[in-house]
Amino acid sequence: MSNETIQSLADQEYKHGWTSNIDADQLPPGLNESVVRAISAKKKEPEWLLEWRLKAYRHWLTMTEPTWQKPTYPKIDYQGIIYYSAPKKKKEVTSLDEVDPELLETFEKLGISLDEQKRLTGVAVDAVFDSVSVKTTFREELSKQGIIFCSFSEAVTDHPDLVRKHLGSVVPYTDNFFATLNSAVFSDGSFCYIPPGVRCPMELSTYFRINSAGTGQFERTLLIADEGAYVSYLEGCTAPQRDENQLHAAVVELVALKGGHIKYSTVQNWYPGDKDGKGGVFNFVTKRGIAHENAKVSWTQVETGSAITWKYPSCILKGDNSVGEFYSVAVTRDYQMADTGTKMIHIGKNTKSTIISKGISGGHGDQSYRGLVKIMKGASGARNYSACDSLLLGDKCGAHTFPYIESHNASAVIEHEASTSKISDEQVFFLRQRGLSEEDAVSMIVNGFCKDVLSELPMEFAVEAQKLLGLKLEGAVG
Amino acid sequence: MSKPLLEIKDLHVAIDGTEILHGIDLTINAGEVHAIMGTNGSGKSTLTKAIAGHPDYTVTSGDIVYEGKSILEAEPEDRACAGIFLAFQYPVEIPGVSNMYFLRAALNAQRKARGEAEASGAEFLALIKEKAKLMDIDAGLLNRSVNEGFSGGEKKRNEILQLAVLAPTLAVLDETDSGLDIDALKTVATGVNSLRSPERSFLLVTHYQRLLNHIQPDFVHVLLDGRIAKSGGKELALELEDKGYAWLEQTV
Ligand SMILES: Nc1ncnc2c1ncn2[C@@H]1O[C@H](COP(=O)(O)OP(=O)(O)O)[C@@H](O)[C@H]1O
Ligand SMILES: [Mg+2]
């Protein structure tokens, strides 16, 4: 899409620094086996799922928190976290009238009024407020085509076989410290299944919010595109301003079966902390997709928020001719840190992957691109193209690139390009001479720098992304 | 007579603490075309940057008065919105930003600042089509990133396209003719001449008198080592062509 369309719609302020006062039905802080059991019981889960959680919990106890990442953070007190919290409901919700008015107001402040979303955009929204899904829309319309789009909890109840078959198939419960923790205590999230040959007629989207103070967020998302199916899924976050650090350890699993295509887009705008870096969300997320024969998994992310962003949306290219893509824009300013990138694991023959990463750093922001391209023995004819560009907005910020390449097949072709540039005073002056304010000038240069990634986003997200980039960069140059 | 649009008074300008301009006096009335000539390094670009308000160019003393008010404190964008335009000697590239999008954003920023209605998509399209035709710029160039991969001549014509679209009151052109072949030079001259009006003034910085065969100036000034060494009518340009700058250096 054109920059023009993006810009014309992008003009709002970041106003998400508030907390709502809904009484939460929550467990006391702390983690042990009975907490895991209590979560499972509250959600009326089947025995197999409780067992899975418990296996994860027991495994987690044997693990140590990783330290290889570049950002450092104060020690997280896992016993100080509340692992379950649900907004109080009067009864089962069937229409918006029955939803807590304050909850609706919360959504309105976020600009995601469900009715508006329904009427104007045709986007089905599965809104997650704290840990329990409040309302799912458009489900009926989707279900006519056999598409399942619901909260994870509902999927466990209504489609247990699908969940059981695929849960942990891409990110096993033993995967890593944070994913394992998530497997033990995950609260809720989204589930989506597209049947064979069906092209999902609308962008599916979910809005996550952190709410009750001290509540960690452990979302679990599972998307399955059956053979020849297509789905585009949007995820957007924004969090209220608060003083203490908040851990967000989500897991997203994507399964693209033969000829299936999943496009997963994220605009992330969690609370980044104040000017001195106090507070802010720790965004430690595990996202991974598996692509079977002729299938495609595309990740697009615009990461502007969080005190620390630490994630590597990855693709396992298992089937022959499968394709993996990663398009990323990450912005760090003030004292924000980001260590992000991707892993492309080429297993099948003639597998192809593309990595386009754009890092923008201002203030004391620091970021690392970390990418692994791994070509397995059997992946003859595999190809990868990576381009990692960094743009510095000042001289106190940093950008680092760590490309890891492991090739076990001589026929593979791997190309890697990297660049670091500073925003040039002459560019800014040129645009100002034409009448643009300094901030608009910088925003225009940065959006130009990110164009190859922004153009991968669906329209409504491109607008939001553009808006966020502009807001994030206010006063960041110097 | 017509009233002064730009008055430069005993202007001293320094870069990184080194004084480059040592007291320039120059008055441009509405509707006039002035040419500034001079050898490389004499301070021509410095003068244009100072007028446009480049932050690296410090005015150490003197004044720049535009439409009766000092603009020394005005930001570059405020000067632009007040109608001062600079066609750069070396236009920069803005990767990923389409020429068309950039120009519309600039036009609307200026209109907004002046309290005028912003140009609608259709209005802008009609405007840019007309001006692009005048400047012999094909549609492909409009959709490409600003100046990225443009030839030298294309960059210069693109500057004049911006001039035509933004329609400033004072147009400062810094060596727009350098590096142009004769056809491109004629195109640029046609573009500039079509914009001449009793309200619009031009300051043409040029190294060669050849541009002045196509754009007739009212006055010619010769800049030498940061000072105006001589001013005169358009015949001064011909004299310079004939005798070279060395002749002036001797008289100073
Ligand atoms: N950034 C700078 N720092 C120091 N001196 C500079 C800088 N830019 C230009 N100059 C000097 O200022 C003088 C005038 O330069 P300039 O205005 O570009 O001349 P012209 O446009 O007439 O060729 C030259 O001596 C040049 O070396
Ligand atoms: Mg010059």
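The values are calculated or read from the model by the stated rules, or taken from the named source; none is laboratory data. All of these numbers come straight from a predicted model, not from anything done at the bench. Positions of Cβ are generated from backbone atoms using ideal geometry, with glycine treated the same way; all protein chains shown enter the neighbour counts. Please note that ligands, DNA and RNA were not included when accessible areas were found on the heavy atoms of the full protein model with its side chains. Shrake-Rupley method; radii C 1.70, N 1.55, O 1.52, S 1.80 Å.
A few notes on this one:
- Amide hydrogen neighbours beyond the local backbone of residue A:420, cut-off 5 Å, H modeled: A:390
- Using the Cβ-Cβ distance between residue A:395 and residue B:73 with R0 = 30 Å, the FRET efficiency computed as 1/(1 + (r/R0)^6) comes to roughly 0.65.
- Taking amide H atoms as placed 1.01 Å from N in the peptide plane, the amide H of residue B:5 lies under 5 Å from those of B:28, B:29, B:30, each 5 or more residues away in sequence or on another chain.
- The alpha carbon centroids of the stretch B:122-186 and the stretch B:1-79 are separated by 24 Å.
- Chain B, helix-only ellipticity at 222 nm - DSSP H runs n ≥ 4, -39,500 (n - 2.57), divided by all residues, nearest 500: -11500 deg cm²/dmol
- Separation between Cα centres of the stretch A:219-233 and the stretch A:304-377, rounded to whole Å: 20
- Between 0 and 90°, nearest 10: helix B:152-166 axis offset from chain B longest Cα axis: 80
- Too-long pairs where the Cα-Cα distance tops 21 Å, listed order kept, from A:451/B:112; A:318/A:374; A:258/A:358: A:451/B:112; A:258/A:358
- Placing dummy labels 7 Å off each Cα toward the beta-carbon, the span from residue A:63 to residue A:51 is 2.1 nm.
- Mean Cβ count within 10 Å, highest first, over the residues of peptides B:229-240, A:189-200: A:189-200, B:229-240
- Sequence-distant lysines (8 or more away, or on other chains) whose Cα lies within less than 20 Å of residue A:44: A:55, A:88, A:89, A:90, A:91, A:135, A:165
- Those residues of the stretch B:37-79 for which accessible area with every protein chain present is at least 50 Å² below the isolated value (1.4 Å probe): B:54, B:77
- Accessible surface buried once B binds A (1.4 Å probe; total of both sides; Å²): 2300
- Cross-link partners of residue B:3 among lysines, defined as those whose alpha carbon lies under 17 angstrom from its own and excluding same-chain residues fewer than eight positions apart: B:69.
- Sequence-distant residues sharing a close amide H with residue B:230 (under 5 Å, placed H): B:222
- Peptides A:340-346, B:73-79, A:278-284 ranked from most to least packed give A:340-346, A:278-284, B:73-79, packing being the mean of other C-beta atoms within 10 angstrom over each peptide's residues.
- Placing dummy labels 7 Å off each Cα toward the beta-carbon, the span from residue B:125 to residue B:214 is 3.1 nm.
- Added length on full extension, which subtracts the Cα-Cα distance from 0.36 nm per residue, residue A:37 to residue A:459: 147.7 nm
- Pairwise label distance in nanometres, residue A:422 with residue A:79, each label 7 Å out on the Cα-Cβ vector: 5.0
- Carbon plus sulfur fraction of accessible area for the stretch B:94-236, probe 1.4 Å, in percent: 50
- In summary, the lysines within cross-link reach of residue B:133, defined as a Cα separation below 23 angstrom excluding same-chain residues under 8 places away, comprise B:155, B:156, B:186.
- Net charge of neighbours whose Cβ lies under 15 Å from the Cβ of residue A:199, counting Lys and Arg as +1 and Asp and Glu as -1: -1
- Short-range pairs are left out: with C-alpha atoms under 8 Å and at least six residues apart, the relative contact order of the stretch B:1-64 is 44 percent.
- Solvent-accessible area lost in complex, 30 Å² minimum, residues of the stretch A:417-463 relative to chain alone, 1.4 Å: A:426, A:427, A:429, A:430, A:432, A:433, A:434, A:435, A:436, A:444, A:448
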